[in-house]
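This report concerns only the one structure given below.
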Amino acid sequence: MATKRDYYEILSIERTVTEVEIKAAYRKAALKHHPDRNPGDQAAELMFKEASEAYEILSHPEKRAAYDRYGHAGVQGQGFQDAGDIFSSFGNIFEEFFGFSGGAQGGGRGRVRRGADLRYDLTLEFEEAVFGIDRELEFERACECAECNGSRAEPGGKSTCKTCGGVGQVRRSQGFFAIQTACPTCRGEGEQITKPCKSCHGKGVKMERKKLSVKIPPGVDTGLRLRVGGEGESGGAQGQPGDLYVVLHVKESKIFERDDNDLVLTRPIGIAQASLGSRLTIPTLEGDKTIEVPAGVQHGHRITLAGAGVPHLKGIGRGDLHVQLELVVPKKLSKEQRELLEKFAEISGEDAHAGGGGFFHKIFGD
Ligand SMILES: [Zn+2]
Ligand SMILES: [Zn+2]
């Protein structure tokens, strides 16, 4: 059996913390490692499950006492046994942390709720970002239970709340004042559930696996967020769904360096090519192209191909492609090459270490 991590350690809390602090620590961990926010990340899923198990034990005073006294052995079989357990208990987490309570947070009746926004991290190849692409996303999200339409009860399984008589509010006297608060029995709903929906265990929401095709426009870059309206989590029976945010991560190109909408391509060029001028075949986004290098170009010279860069995300047109020339001086010369360069130096009046016995010859050899 694998060793289990200490529950307090999992939630990064001291053993002396209060229930409120446990809940806060769990909320933080659950939001961070939530599977919807970390699609496909197994480490995050594991941490989410660990945190849920830790919370399940530490949030119950008796279980916590048993754990404090006997460790994991004291609470064996009382935590979650598998993922199914976690998700059947998951409704509670939604209600408390993700705003899915259908009125349970004391807002009174008829208040329009909005489902949580979701984040989906999408990694794109360089070319996919440049040219745009249709991508199918697959993720889990909470949706309204189809059996009870989010009402959380079986048909006829609700009755008027006895405490507030269906108003959803109660008046309490406090000194000279009478204050009105959400009814503690029905939590503001005015109705009580007598028969909870069997399908969703009275949560009103269930997890669903959603497939969605999104159009990535040409010219996107890392850090851009695409909003897909209404594809977040359900807002319950009368609420509005949240939005889905697709956060883009674009891989670097092995060929080009991207500078906003411009591309930079570094190409080595020999001293003879640079001096005499030449033709270079270079890769572009549209395949290989031949460019003319004028005679006498210097190191760092840029040849710009206008409009051969990345499309502008907003508006029309494209950036440029800059071919940056990098002058390469040969490190080693053949006998013939050296003789010719010595001759070149002589004609040009350059003081080269001619004769082959100079300093450079000693270092680089033949
Ligand atoms: Zn249901
Ligand atoms: Zn009530």
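The values are calculated or read from the model by the stated rules, or taken from the named source; none is laboratory data. What you see is a predicted model, and the numbers here were worked out from it, not measured in a lab. Note that we place each Cβ from the backbone using ideal geometry, even for glycine, and neighbour counts take in every protein chain shown. Calculation scope for accessible area: heavy atoms of the full protein, side chains included, ligands and nucleic acids excluded. Shrake-Rupley method; radii C 1.70, N 1.55, O 1.52, S 1.80 Å.
Average accessible surface for region 118-250: 55 Å² per residue, computed with a 1.4 Å probe over protein heavy atoms with every protein chain in place. Straight-line reach from residue 331: taking Cα to Cα under 18 Å and skipping same-chain neighbours fewer than 8 places apart, the aspartates and glutamates in range are 339, 342, 366. For the peptides 123-133, 293-303, the ranking by packing is 123-133, 293-303, with the highest mean count of neighbouring Cβ atoms within 10 Å listed first.
3J(HN,Hα) couplings calculated from phi for region 128-142 with the Karplus curve 6.51 cos²θ - 1.76 cosθ + 1.60 (θ = phi - 60°) are, in sequence order, 4, 6, 6, 9, x, 6, 8, 10, 8, 9, 10, 7, 9, 8, 7 Hz; Gly and Pro show x. Each residue of region 296-301 is assigned a 3J(HN,Hα), and the resulting list reads x, 6, 9, 4, x, 4 Hz, derived from the Karplus form 6.51 cos²θ - 1.76 cosθ + 1.60 (θ = phi - 60°), x at Gly and Pro. Taking a straight Cα-Cα cut-off under 17 Å and skipping sequence neighbours fewer than 8 places away in the same chain, the aspartates and glutamates within cross-link reach of residue 211 are 36, 117, 121, 134, 136, 138, 140, 144, 231, 233, 243. Annotation: amide H of residue 318 within the under-5 Å range of 312, sequence separation 5 or more or interchain, hydrogens built in the peptide plane. Taken along the Cα-to-beta-carbon direction at a fixed 7 Å, the label points for residue 279 and residue 146 span 6.4 nm. Using Cα positions and a limit of under 18 Å, work out the aspartates and glutamates in reach of residue 63, with same-chain residues fewer than 8 apart set aside. Result set, ordered by chain and number: 6, 9, 14, 19, 21, 50, 53, 85.
Charge tally around residue 178: other residues with Cβ under 10 Å, Lys/Arg +1 each, Asp/Glu -1 each, net +2. Accessible surface area normalised per residue over region 7-88 is 56 Å², counting heavy atoms of protein chains with a 1.4 Å rolling probe. Converting phi to 3J(HN,Hα) with the Karplus coefficients 6.51, -1.76 and 1.60 and the offset θ = phi - 60°, region 319-331 yields x, 10, 10, 9, 9, 9, 8, 10, 6, 10, 8, x, 7 Hz in sequence order, with x at every glycine or proline. The gain in end-to-end length when the residue 314 to residue 198 segment is fully stretched comes to 36.8 nm, 0.36 nm per residue minus the alpha carbon separation. Multiplying the residue separation of residue 114 and residue 255 by 0.36 nm and subtracting their alpha-carbon distance yields 46.2 nm.
Residue ranges 325-331, 55-61, 202-208 sort as 202-208, 55-61, 325-331 when ordered by packing (mean number of other C-beta atoms within 10 Å per residue, highest first).
Kindly flag which residue pairs out of 32/251; 254/335; 28/314; 4/195 have an alpha-carbon separation exceeding 31 Å in this structure. Beyond 31 Å between Cα atoms: 254/335; 28/314; 4/195. Backbone amide hydrogens, once placed in the peptide plane, bring residue 116 within less than 5 Å of 233, 242, excluding anything fewer than 5 places away on its chain.
Just the number, please: Stokes-Einstein D of region 7-88 in µm²/s, Kirkwood Rh from C-alpha pairs, 25 °C, 0.890 mPa s. Diffusion coefficient, whole number: 190 µm²/s.
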